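Taking it in order: structure first as structure tokens, then the write-up.
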Amino acid sequence: MTMEEMTQSDLDNTKLESVAHDILMDLVEDACLGLCFEVHRAVKQGYFLLDETDVESMKDFEIVDRPGVDIFGQVYNQWKNKECVCPNCERGIAASRFAPHLEKCLGMGRNSSRIASRRIASSNNVNRSESDQEDNDDLNDNDWSYGSEKKTKKRKSDKNSNSPRRSKSLKHKNGELGSHFSADQYRYHCNSGINYETLGPDELRSLLMTQCGVVSEHTKRMCTRSLKCPQHTDEQRRAVRLSLLGPAAPALPDGDAVVESDSYEATNGQQVPIGRLHWGGSSDVSPSDSTSSKASEFFGTNNSVSTKPKKKKPSLSLSSAGQGRALGGGFGALHGDLGPSNHRKKNKHPVTPTAGIYEDMN
Amino acid sequence: MHGNAMKRVNMSKESQMRAAINQKLIEMGERERLKELLRAKLIECGWKDQLKAHCKDVIREKGFEHVTVEDLVAEITPKGRALVPDSVKKELLQRIRAFLAQHSAL
């Protein structure tokens, strides 16, 4: 067959094939060369024959290929089927379960004390409601099956109401979450529930004298924070008092909410912003995400205060989110200065010290 | 045009094409990838160990102290080429053909 008799596509195909083949052979040769260099270097540097020793050692470490045994000659589940006799309760226990059983049997070790205290706690609760003797016997027998059930039940109820996790998703709803701040401190308090429906009017009144009391939409519970709790406005507190105690509700010791909000917006006073900033000083240990939400809330309300909010606000609030608590005080001082000066030129001055502070922090 | 002249013209065109393909292979990083792939496969299939054993023999033959790269290359490369398993060859050829189909000017 001459070249002219083959069709053009056949020619192309054979060409392509030969090209591909040549490329492959090039690659293989590269690989061989690479190996040669490697070996040559190993020989000249003296590490080529390192994995060869005398015949006896070679025999010692030979790969083992017998059935039931791994390549080192060790048996895998040697102790799996062995049974031990517990010295305490004289029962036969499987070897792998022996250690945990001993822990519980002897009443020593971390878990057993936890289980015991839990049992005591729950048995106190159970005794108040009706309980059988048989239930307690069951407790003793199947210590870790029954016990683990109890554990999970408790855990679920603990997670339920006031955990910080849960409140994260609801973070942006308007300020009804007094609970996540106080979750750790007030856990037992909140779990038992300050259900305003069950309290008498006198108790309510005394509670409302000292506590914020705003009812959270999600948990239907009253906020147990102080009267100046920044999660809720005074308007909310008044509303709660009105609705719960009637129009004869005692006035809030803070003074009129209306007046305060006006002065807050109009005068751009130095006093109000700094006063608001003292959430750094209050008792709660705020997690960083709540701090950032607070910061943005804070700057959101301050929008009317400064005339140049667009340029400054994003950078400030971003960095506040990053370094929230520590900068609380410093911020306040700066912002107090910025407040009254509504001119553009003046605003430039304070900006540079701000940047300076951040550089130090960073 | 007659047969031989035709062949010559085709040859130079062909070599041009080869050069172009090789260049493209290198430029797009495909050659490196193919090289790594080949190396990995050769180690996997035991080719490297086989050849290393052969190296040992060659070295013992030539004398440990006097072995040169050229000796090794001369002895190893033909054997290495022959020892490549067919499966590895097939897989690499597949990849090369795919590349050519995508990027050749034909």
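For the stretch A:35-63, the set of residues classified as basic (Lys, Arg) and either under 52 Å from the mean Cα position of the chain (by Cα) or farther than 20 Å from A:GLY73 by Cβ (or both) consists of A:ARG41, A:LYS44, listed by residue number.
Residues in the stretch B:15-36 that are more than 9 Å from chain A (Cβ to nearest Cβ) and either among the hydrophobic types (A, V, I, L, M, F, W, C) or in contact with a strand residue (DSSP E or B) (Cβ under 8 Å, 6 or more places away or on another chain) (or both): B:ALA19, B:ALA20, B:ILE26, B:MET28. Report yes if A:VAL75 is among the β-branched types (Val, Ile, Thr) and within 14 Å of chain B (Cβ to nearest Cβ), otherwise no. Answer is no for this residue. Reported count of residues in the stretch A:96-114, each being in contact with a Phe, Trp or Tyr (Cβ under 8 Å, 6 or more places away or on another chain) and surrounded by 15 or more Cβ atoms within 10 Å (Cβ to Cβ), is 2.
Scanning the stretch A:10-56 for residues that are open to solvent by 40 Å² or more (accessible area, probe 1.4 Å) and farther than 24 Å from B:LEU92 by Cβ yields a count of 13.
The condition of being farther than 18 Å from A:LEU35 by Cα, surrounded by fewer than 17 Cβ atoms within 10 Å (Cβ to Cβ) and facing chain A (nearest Cβ under 10 Å) holds for only one of B:GLU70, B:GLU65, that being B:GLU65. Here B:ASP49, B:ASP86 are screened, and the one residue that is under 16 Å from the mean Cα position of the chain (by Cα), more than 9 Å from chain A (Cβ to nearest Cβ) and open to solvent by 50 Å² or more (accessible area, probe 1.4 Å) is B:ASP86. Please state which of the following conditions B:LEU38 fails to meet, knowing it meets all the rest: (1) closer than 13 Å to A:LEU24 by Cβ; (2) surrounded by fewer than 18 Cβ atoms within 10 Å (Cβ to Cβ). Exception for B:LEU38: condition (2).
The values are calculated or read from the model by the stated rules, or taken from the named source; none is laboratory data. Predicted model, so just to flag it, every value in this text is computed and none were measured. Ideal geometry is used to build each Cβ from the backbone, glycine not excepted, and the neighbour counts take in all protein chains shown. The protein model used for the area step is the full one, side chains on, heavy atoms only, and it has no ligands, DNA or RNA in it. Shrake-Rupley method; radii C 1.70, N 1.55, O 1.52, S 1.80 Å.
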